[in-house]
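Since the structure comes first, as structure tokens, the remarks are kept for the end.
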Amino acid sequence: IIFYGKSIENHGEGDTSLFSFPGPSIIASTDESALRQLKLGYRAPYLLQTARMVDQGMIDVAGLPSLPVEEARSRLVSLPGVGRKIADCVLLFSCGFFCAFPVDVWIQRILCQIYFSNRRITASRLAAFTDAYFGPFGGLAQQFLFHWIRTGSPDPERSRVPYRDRRPSRIPPGSHPSTS
């Protein structure tokens, strides 16, 4: 990305150079091999196709926040390589839809453990459950759950485990929401 973004002023310490993320037209004007050189791997063709669609006006990403969440999600999953999880990440982190609830393997594990007695649950049932149970602020709840499963603590002040060492396979005893 450094090859395509614009240099931006660094207000932090050190001499680290910072670059903006390039806009869709810049990405659309490159080719897949150049994106693969930037270590995008299997994502390279998806990013390239999506950038070209945005650049050609086939999807209005700026208009997504003004749509109902289901319509915005539907438009996102129509993009190459975008599934429900990525769509929900975009909706939550970029569009302000606090009800969007991204489900990755960590979230699936904790939801199945807490709410479904460790049974495997289909993605559609999990989505219906999170929508109904967590409601309009589900995305915020998802962030707390993610922090908890990755650090072993629902309390950010008690979590001092380096990120690379966080590998809990289950919820620590005594930290289940019903006992906290």
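Laboratory data are not the source of any read-out in this text; all were calculated from the coordinates shown. The structure presented is a predicted model; accordingly, all values stated were derived computationally and were not measured. We place every Cβ from the backbone using ideal geometry, glycine too, and count neighbours over all the protein chains shown.
Placing +1 on the Cβ of every Lys and Arg and -1 on the Cβ of every Asp and Glu, with nothing else charged, gives the range 1-142 a dipole about its Cα centre of roughly 680 debye. Placing a label point 7 Å from the Cα of GLU32 along the Cα-to-Cβ line, the residues of the range 82-102 whose backbone N sits under 17 Å from it are 82. Give me the net charge of PHE98's neighbourhood, meaning all other residues with Cβ under 13 Å from the Cβ of PHE98; Lys, Arg count +1, Asp, Glu -1. That sum, taken over residues with Cβ under 13 Å, equals -2. For PHE19, nonlocal amide neighbours, meaning residues 5 or more places apart or on other chains whose placed amide H falls under 5 Å from its own, are ILE8.
Computed extension gain for LEU18 through SER78, at 0.36 nm per residue and net of the alpha carbon distance, reaches 18.4 nm. 3J(HN,Hα) along the range 25-41, derived from phi through the Karplus expression 6.51 cos²θ - 1.76 cosθ + 1.60 where θ = phi - 60°, amounts to 5, 5, 5, 4, 8, 9, 10, 4, 5, 5, 5, 5, 5, 8, 6, 7, x Hz, with x in place of Gly and Pro. In order along the range 77-92, phi translates into HN-Hα couplings of 6, 7, 7, x, x, 9, x, 4, 4, 5, 4, 5, 4, 4, 4, 6 Hz, rounded to whole numbers, per the Karplus curve 6.51 cos²θ - 1.76 cosθ + 1.60 with θ = phi - 60° and x for Gly and Pro. Our coupling estimate for the range 142-152, obtained by passing each phi through the Karplus curve with A = 6.51, B = -1.76, C = 1.60 and θ = phi - 60°, is 4, 5, 5, 4, 4, 4, 4, 5, 7, 10, x Hz, Gly and Pro reported as x. The residue list PRO45, LEU67, PRO24 was ranked by how far each Cα lies along the charge dipole of the range 24-103 toward its positive end, using unit charges on Cβ atoms, and PRO45 comes out on top.
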